[in-house]
1. With +1 on each Lys and Arg Cβ and -1 on each Asp and Glu Cβ, and nothing else charged, work out how big the dipole of the stretch 126-175 is about its Cα centre, in Debye to the nearest 20.
2. For the chain, what are the per-bin percents of Cα-Cα distances with bins 10 Å wide, up to the bin holding the maximum?
3. Residue-wise, which Karplus ³J(HN,Hα) couplings in Hz belong to the stretch 235-246, taking 6.51 cos²θ - 1.76 cosθ + 1.60, θ = phi - 60°, and x for glycine or proline?
4. How big is the convex hull of the Cα atoms of the stretch 104-212, per residue, in Å³?
5. Short version: what are the Cα gyration tensor semi-axes of the stretch 52-142, square root of 5 times each eigenvalue, largest first, in whole Å?
6. Name the residues whose placed amide hydrogens come within less than 5 Å of the amide hydrogen of Val117, ignoring near sequence neighbours (fewer than 5 apart) on the same chain.
7. Just going by the charge dipole of the stretch 52-142, with Lys and Arg at +1 and Asp and Glu at -1 on Cβ, which of Gln124, Gly70, Ala89 is farthest out on the positive end?
8. Calculate the dipole size of the chain relative to its Cα centre from +1 charges on Lys and Arg beta carbons and -1 charges on Asp and Glu beta carbons; express the result in debye to the nearest 20.
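We did not get these values from a lab; they are worked out from the coordinates using the rules stated. Since the structure is predicted, the reported quantities are computational estimates derived from the model, not experimental observations. Cβ sites come from the backbone with ideal geometry, for glycine too, and all protein chains shown count toward neighbours.
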Amino acid sequence: MIEFSAIRDARDRIADHVLSAPLVASPSLSEIAGVSVHLKLEHYQPTGSFKLRGAFNSMLQLTEAERSRGVITVSTGNHGRALSYAARALGSHATICMSRLVPENKVLEIRRLGADVHIVGSSQDEAQQEVDRLVAEKQLVMVPPFDDQDVIAGQGTVGLEILDAMPDVATVLVPVSGGGLVAGVAAAVKNKRPNAKVIGITMERGAAMKASLACGRPLQVEELPSLADALGGGIGLDNKLTFAMCQALVDDVVLLSESEIAAGIRHAYEKEREIVEGAGAVGIAALLARKVTGFSGPVAIVLSGRNIDMDLHRHIINGMVPT
Ligand SMILES: *Cc1c(COP(=O)(O)O)cnc(C)c1O
């Protein structure tokens, strides 16, 4: 498990490099929920997702020698972009391995940041094999996308900031894939407010954490295309941290259909005037679909990213995405 102090330390460490994202009221969602609902605008980070927090918290703890060897990771796009950005800022170099499921716009931004890009296979697992090969061959330093102390502590700073801005928070809705974000946020929030609920939200199409929690051990699920592409991939059959933390700290994981996710993206745009990607919209979508109800106090929803292909976004806004 991650110590609360590790999250506090992460916050100080990364303060100069990441945005302390605003937590803003949503009148429309507050009306639907019957309690005050606020949105944590993590998609405002310079790389368009919260992943910058974990990436900087890891990279800032590497030695000079490690940084000069270069870093490597597997990614569905946003962690790769964050790591490439952090590597460039700190004078290191990143290699990013991704599957063919990663949207082209995400790959492009990673290339733009000067990273070496390897597109391998059609799942995170296959891309991870390329990471393992390159680590062995080139002694690159691996910065995992979620199952890592420093990454989880970095993502947990989102929870600290929510607590600071909303000390009476009763429920936090957090997108879930590998579980680094929700584990970190839950560790932060429950340290100060043990009775607050932390609910994970993910898509029906390939919900590895949900299936694993139901079964009591990490499970492999088939990876499928989804509007919430950033939530794709497994949790690792040898998961060390996020599975156990989710078992202990996350109150429930809720699943959404593709059309529910599309409705979340549309609501974000039309009512909140925010452009978010599928994964970033699932908290809003869960509330709209009434899949999380019975709120006992103020709600915070993490909008985790905005790196959606803009043609796809236009199609969704125009109701043209078949789901
Ligand atoms: C990575 C990511 C998530 C999920 O984070 P995990 O730590 O893997 O659970 C959610 N939303 C966006 C936009 C992401 O990039």
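1. 80 debye
2. Percent of Cα pairs in each bin: 6, 30, 38, 21, 4, 0.
3. Rounded to whole hertz, the list is 9, x, 5, 9, 3, 9, 10, 5, 5, 5, 5, 5.
4. Roughly 147 Å³ of hull volume per residue.
5. 20, 15, 10
6. So Val117 has HN proximity to Ile96.
7. Farthest towards the positive pole: Ala89.
8. Dipole of the chain, to the nearest 20 debye: 380 debye.
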